[in-house]
Amino acid sequence: MYDPNTIPKKHLLSLQLDLKKFEPATEEEKRQTDQMRESTTFFRDGMRKLVKNPLAMASIVVLVLIIVTIFVAPLIVPYGYQDMITVDGKRDKTATNLAPFTYSELEQKAIESGESIFPHIFGTDELGRDYFIRTIYGTRVSLAVGLFASIIVLIIGLLYGSISGYTGGKTDIIMMRIVDIIYSLPDMLMVILLSVVLDAVLKNALTGTALAKIGTNMISLFIVFGLLYWVGMARLVRGQILTIKNNEYILAAKAIGAKPGRIIRKHVLPNCMSVIIISTALQIPSAIFTESFLSFVGLGVQAPMPSLGSLANAARGGLGSYPYKMIFPALMICLIVLAFNLLGDGLRDAFDPRLRR
Amino acid sequence: MWKYVLKRLLLAALTVFIIITITFFAMNAIPGGPFASEKAPSPDVKAVLEERYNLNKPLGEQYLLYLNDLLHGDFGVSLKTGRDISTTISDSFGISAKLGLMAVGVALVFGLIFGCIAALTRNKWPDRAIIFFTTLFVSVPSFVLATLLLLIFCLQLKWFSVWSTTSQNYFLPVLSLALYPMSYITRLTKTSMLDVMGQDYIRTAQAKGVSHFLVIAKHALRNALIPVITYVGPMTAYILTGSMVVETVFTIGGLGTKFVSSIANRDYTMIMATTIFLAVLMVLATLISDLLYKAVDPRIKFE
């Protein structure tokens, strides 16, 4: 510590501070300056912002509730999605088109004789199948399509975009021309066209194999999504990589002899992860949208297996008499898409580096 | 500038060509030819038919002949009805075009108005209400919206009669087609308006004493319009595909209904022909919106 008295005074016009005018800080004052903000990582900071966003948190709650329901409900509800209602082992022909929470005549008799019958929460459909369980399975199918389609898009787009962006030069130009052309095709029409064709082709090729169980429509849906929607992701990843690869730490990694694959995995991809995750989260509702649209025009999943779009399409016939059959799957689609959209917006606000200050 | 226009025209032509090629080979990949139905004609008749539709020629030659027919506006005949597809398309396209154009108009006008209101009343209740509803509407698929509107206003409240040849009320179909693009345009306009309103030239105009209305209409809105123009291409695509569903729900006999029924009937030639027709329309819309975008904003350079 300096003693103010021992420091020699410089000449008259010196700007040197006069230390006599200062006094040493007390211990308590020192502690006050030590109180810094807790150090935070990019992820933790983003999560903090996300938790503060009520809309995003509400949509997470809604989505978790939906996911829990679609796994738990089939265990509780004693009906199958393709089984007609039976009473005492006999098919109950009166149990068609029941309104929510009502029972058919046979069921009513069974209840009066002391049996307990699980209520039809959403009623039954025109073939006497429990509509609640069909809606649950429809939700399962729609969510599965949305999720898998997004994963396929993510994988193809990530690989293609990172190779194109990292390699650069002629490879990049050629790869991006291909992307440009696929990008300019009208996607929805191509989806319709290709799923019609693939469905017809796969039906012949797959009969008898294990894949046929999933349904050719479902497989052709995945292939079509994979073929068309990866281009957006590839462009995004490429753009990110182009900005990242000129950074000094990449040069440093190259200088110590890291191979391109390692640099992409260890340095480049973690840095563009946030943008990729946001885009994937927003891809899910758009895939659900497309699937329900295709099912609605009659191209979606195959007959006994319901999807929300095909349920809505089937309900169109008796819209005047049984409006609830339209309302339940329609509400479910809206709820899922809205929740994913809000969650995606929330994620973008929390994690997108372009929106951060 | 002309170099850019030429480049875009070439890209559009290439896209159309690729669409036609994909369509043609997809059509031929489908198992079972046009005459493989249950009422199989005798070998002699089949030979005559194949001769007439050039099906006995090699695939490459068939492709060239198909291209040639397309250039003359000939899409071939429907597999199910045997009628000429070109006349079917031209007969049914009129009503779809009317519906689509009305939807585009409604989406643009109301989208811009609501977007401006939301931007000018930022964080006050009109803004919050508009953002709430637009977030809601972009999450509702067009078929859900169309059926719900039909259910509520036609069947329950009976405010509108159900579509028939004698009573054609476009209100509900246009509404269900336009709500999604309108919400999108509203959000787009809001963000770009907020961006423009913060610019220096707006403050200059206000400082000069230009009236509030003129500042918004002349200085702000014109610049805020630019991002909206880029959305015209995707919007056309949305409305053309959306009209398939909306027309089916409201039982309007337009091109969309034809397309959906041809899918249900697995009428392959009809599906292919309509796809090509709609795809060309979409590519043209994208081309026009891109060129307009570059033409309107002098700051954007032509590459």
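Residues being within 11 Å of chain B (Cβ to nearest Cβ), in contact (Cβ under 8 Å) with a residue 60 or more places away in the chain and closer than 14 Å to A:L147 by Cβ: count how many of those fall in segment A:283-307.
4
Within segment A:199-242, how many residues are modelled with pLDDT under 75 and closer than 30 Å to A:P270 by Cβ?
Result for segment A:199-242: 0.
Which one of the conditions (1) open to solvent by less than 50 Å² (accessible area, probe 1.4 Å); (2) of a type in the set (G, A, S); (3) over 27 Å from A:Y183 (Cα atoms) does B:A237 fail to meet, given that it meets all the rest?
B:A237 satisfies all of (1) open to solvent by less than 50 Å² (accessible area, probe 1.4 Å); (2) of a type in the set (G, A, S); (3) over 27 Å from A:Y183 (Cα atoms) except (3).
Does at least one position in segment B:198-218 carry a residue that is touching a Lys or Arg at 6+ places or on another chain (Cβ under 9 Å), surrounded by fewer than 20 Cβ atoms within 10 Å (Cβ to Cβ) and either on the phi > 0 side of the Ramachandran plot or more than 10 Å from every other protein chain (Cβ to nearest Cβ) (or both)?
Yes, that holds for at least one residue.
Could you tell me which of the residues A:K254, A:K259, A:K266 is open to solvent by 30 Å² or more (accessible area, probe 1.4 Å) and touching a residue at least 12 places away in the same chain (Cβ under 8 Å)?
A:K266
Just checking, how many residues over segment B:106-128 are out of contact with any helix residue (DSSP H, G or I) (no Cβ under 8 Å at 6 or more places or on another chain) and part of a helix (DSSP H, G or I)?
Summing the residues that are out of contact with any helix residue (DSSP H, G or I) (no Cβ under 8 Å at 6 or more places or on another chain) and part of a helix (DSSP H, G or I) in segment B:106-128 gives 4.
Within segment B:90-129, can you find the residues that are open to solvent by 40 Å² or more (accessible area, probe 1.4 Å) and polar (S, T, N, Q)?
B:S90, B:N123, listed by residue number.
Please work out if A:V231 is in contact (Cβ under 8 Å) with a residue 60 or more places away in the chain, open to solvent by less than 40 Å² (accessible area, probe 1.4 Å) and within 14 Å of chain B (Cβ to nearest Cβ). Show your work before the answer.
Values: in contact (Cβ under 8 Å) with a residue 60 or more places away in the chain: yes; open to solvent by less than 40 Å² (accessible area, probe 1.4 Å): yes; within 14 Å of chain B (Cβ to nearest Cβ): yes.
The answer is yes for A:V231.
Which numbered condition in (1) within 23 Å of A:I288 (Cα to Cα); (2) hydroxyl-bearing (S, T, Y); (3) open to solvent by less than 70 Å² (accessible area, probe 1.4 Å) is the only one that B:Y170 fails?
Every listed condition holds for B:Y170 apart from (1).
Any residue at all in segment A:251-258 that is at pLDDT below 85 and not in a loop (DSSP other than H, G, I, E, B)?
No, segment A:251-258 contains no residue that is at pLDDT below 85 and not in a loop (DSSP other than H, G, I, E, B).
Taking segment B:111-157 only, how many residues are over 23 Å from B:F250 (Cα atoms) and more than 9 Å from every other protein chain (Cβ to nearest Cβ)?
Looking only at that region, the number is 24.
So is A:I264 in a helix (DSSP H, G or I), closer than 25 Å to A:G226 by Cβ and modelled with pLDDT of 85 or more or not? First the steps, then the outcome.
On the way: in a helix (DSSP H, G or I): yes; closer than 25 Å to A:G226 by Cβ: yes; modelled with pLDDT of 85 or more: no.
Against the criterion (in a helix (DSSP H, G or I), closer than 25 Å to A:G226 by Cβ and modelled with pLDDT of 85 or more), A:I264 does not qualify.
Could you pull out every one of the helices (runs of 4 or more DSSP H) wholly within segment A:121-222 that has 3 or more residues that are touching an Asp or Glu at 6+ places or on another chain (Cβ under 6 Å) and crowded, with 19+ Cβ neighbours inside 10 Å?
Details: elements: A:131-167, A:169-184, A:187-206.
The qualifying helices (runs of 4 or more DSSP H) are A:131-167.
Identify, please: which residue in segment B:75-89 is charged (D, E, K, R) and part of a loop (DSSP other than H, G, I, E, B) and is, among those, least open to solvent (accessible area, probe 1.4 Å)?
B:K80
Quickly run through segment A:328-337 and pick out the residues that are more than 8 Å from every other protein chain (Cβ to nearest Cβ) and either open to solvent by less than 20 Å² (accessible area, probe 1.4 Å) or free of Cβ contacts under 8 Å to residues at least 60 places away in the same chain (or both).
Within segment A:328-337, A:P329, A:L331, A:I336 meet the criteria.
Within segment A:272-288, is even one residue open to solvent by less than 30 Å² (accessible area, probe 1.4 Å), in a loop (DSSP other than H, G, I, E, B) and on the phi < 0 side of the Ramachandran plot?
Scanning segment A:272-288, I find no residue that is open to solvent by less than 30 Å² (accessible area, probe 1.4 Å), in a loop (DSSP other than H, G, I, E, B) and on the phi < 0 side of the Ramachandran plot, so the answer is no.
Pull up segment B:254-264, narrow it to residues that are more than 14 Å from A:M188 (Cβ to Cβ) and touching a Ser or Thr at 6+ places or on another chain (Cβ under 9 Å), then point me to the one that is most open to solvent (accessible area, probe 1.4 Å).
Of all residues in segment B:254-264, those more than 14 Å from A:M188 (Cβ to Cβ) come to B:254-255, B:257-258, B:261-262, B:264.
Cutting the leftovers down to touching a Ser or Thr at 6+ places or on another chain (Cβ under 9 Å) gives us B:254-255, B:257-258, B:261-262.
Details: B:G254: 0, B:L255: 7, B:T257: 38, B:K258: 70, B:S261: 53, B:S262: 4 Å².
My answer is B:K258.
Is it the case, given these coordinates, that A:F340 is open to solvent by 10 Å² or more (accessible area, probe 1.4 Å), more than 7 Å from chain B (Cβ to nearest Cβ), more than 22 Å from A:T96 (Cα to Cα) and assigned to a helix (DSSP H, G or I)?
yes
Given the criteria in contact with an Asp or Glu (Cβ under 8 Å, 6 or more places away or on another chain), aliphatic (A, V, I, L, M), modelled with pLDDT under 85 and farther than 25 Å from A:R177 by Cα, does A:L299 qualify?
Considered against the rule, which asks whether it is in contact with an Asp or Glu (Cβ under 8 Å, 6 or more places away or on another chain), aliphatic (A, V, I, L, M), modelled with pLDDT under 85 and farther than 25 Å from A:R177 by Cα, A:L299 comes out as yes.
Each row is one residue, and each column tells you yes or no for (1) under 25 Å from the mean Cα position of the chain (by Cα); (2) without any contact (Cβ under 8 Å) to a residue 60 or more places away in the chain.
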{"residue": "B:G100", "(1), (2)": "yes, no"}
{"residue": "B:I113", "(1), (2)": "yes, yes"}
{"residue": "B:A118", "(1), (2)": "no, no"}
{"residue": "B:T121", "(1), (2)": "no, yes"}
{"residue": "B:P126", "(1), (2)": "no, yes"}
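The values are calculated or read from the model by the stated rules, or taken from the named source; none is laboratory data. All figures in this text were calculated on a predicted structure; none of them were measured in a lab. Backbone-built Cβ (ideal geometry, glycine too); neighbour counts: all protein chains shown. The area values use the complete protein model at the heavy-atom level, side chains included, leaving out ligands, DNA and RNA. Shrake-Rupley method; radii C 1.70, N 1.55, O 1.52, S 1.80 Å.
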